[in-house]
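One structure below.
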Amino acid sequence: MEKKLEKVVFASGCFWCTEAVFQRFDGVENVVSGYTGGSIKNPAYREVCSGRTGHAEGVEITFDSKVISFKTLLEVFFATHDPTTLNRQGNDVGSQYRSGIFYTSEEQKQQAEEFIGFLEKERIFNDKIVTEITPLDVFYTAEVSHQEYYNQNKNQPYCQFIISPKIEKIKKFYSEKLK
């Protein structure tokens, strides 16, 4: 079967968390941590952390839509972060931690808008969803030390307390879709 590869960038707080979640799904070919949505070229982590560049920490996901649907990716995205907190995920505060979907096709945009509409109609979250839906402009790959972070640092306290519970959640609810 020929693959149908697509890309999307999700921003949902710390990119270490987002990368660790999505790279475990069957049909996800590649997940790269990086930055998007900002105003300067080739930003460095320290610059992005300052909150002055306008970039969000995100992950570029390359996926085979014949194996995993964009809708499934959206479900996982909304199940593994709080899309109702503006510029914040837990203790991570700043515009670099905002919730965002940076789409690469009009179909992705439409599906994201419809999915958010469904979540709000069903009152899945207590507060209004503030996830931005923006066309992907430029994605800058983060420094090597940020790639595969969770897989290489599982014993770090941040990984144990913040990322591991997300991994356990996807194992519980999406086990049949995992690699």
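The values are calculated or read from the model by the stated rules, or taken from the named source; none is laboratory data. Predicted model, so just to flag it, every value in this text is computed and none were measured. We place every Cβ from the backbone using ideal geometry, glycine too, and count neighbours over all the protein chains shown.
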**Asked** Could you say whether any residue in region 104-119 is surrounded by 14 or more Cβ atoms within 10 Å (Cβ to Cβ), part of a helix (DSSP H, G or I), touching a strand residue (DSSP E or B) at 6+ places or on another chain (Cβ under 7 Å) and small (Gly, Ala, Ser)?
**Response** yes
**Message:** List pairs: first residue in region 2-16 and over 13 Å from HIS55 (Cβ atoms), second residue among the acidic types (Asp, Glu) and modelled with pLDDT under 95 anywhere in the structure, Cβ distance under 7 angstrom, at least six positions apart or on different chains.
**Reply:** GLY13/ASP92; CYS14/ASP92
**Complete:** Of (1) closer than 23 Å to ASN30 by Cα; (2) free of Cβ contacts under 8 Å to residues at least 12 places away in the same chain; (3) not in a helix (DSSP H, G or I), ASN155 fails just (1)
**Request:** List the number of the failed condition for THR85; all other conditions in (1) part of a helix (DSSP H, G or I); (2) among the β-branched types (Val, Ile, Thr); (3) within 17 Å of LYS128 (Cα to Cα) hold.
**Result:** (1)
**Message:** Can you tell me which condition PHE125 does not meet? The list is (1) farther than 25 Å from LEU178 by Cα; (2) free of Cβ contacts under 8 Å to residues at least 60 places away in the same chain; (3) in contact with a Lys or Arg (Cβ under 9 Å, 6 or more places away or on another chain); (4) not charged (D, E, K, R), and all the others hold.
**Reply:** (3)
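Okay, residues lined up against (1) modelled with pLDDT of 95 or more; (2) in a strand (DSSP E or B); (3) within 18 Å of SER33 (Cα to Cα); (4) more than 14 Å from the chain's Cα centre (by Cα):
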position: GLY58; (1), (2), (3), (4): yes, yes, yes, no
position: ILE61; (1), (2), (3), (4): yes, yes, yes, no
position: THR72; (1), (2), (3), (4): yes, no, no, no
position: PHE77; (1), (2), (3), (4): yes, no, yes, no
position: GLN96; (1), (2), (3), (4): yes, no, yes, no
position: GLY100; (1), (2), (3), (4): yes, yes, yes, no
**Message:** Return the residues of region 45-61 that are surrounded by 14 or more Cβ atoms within 10 Å (Cβ to Cβ) and either without any contact (Cβ under 8 Å) to a residue 12 or more places away in the chain or over 20 Å from ARG88 (Cβ atoms) (or both); say none if nothing qualifies.
**Reply:** GLU47, ARG52, GLU60, ILE61
**Request:** Please verify whether region 124-144 includes one or more residues that are assigned to a helix (DSSP H, G or I) and either farther than 23 Å from ASN30 by Cβ or not hydrophobic (A, V, I, L, M, F, W, C) (or both).
**Result:** no
**Prompt:** Can you name every residue in region 28-43 that is surrounded by fewer than 18 Cβ atoms within 10 Å (Cβ to Cβ) and touching a Ser or Thr at 6+ places or on another chain (Cβ under 9 Å)?
**Reply:** GLU29, ASN30, SER39, ILE40
**Complete:** Screening LYS171, LYS166 for residues that are closer than 17 Å to THR80 by Cα, touching a Ser or Thr at 6+ places or on another chain (Cβ under 6 Å) and of a type in the set (D, E, K, R) leaves only LYS166
**Prompt:** Looking only at region 125-152, which residues are among the β-branched types (Val, Ile, Thr) and loosely packed, with under 13 Cβ neighbours inside 10 Å?
**Reply:** VAL144
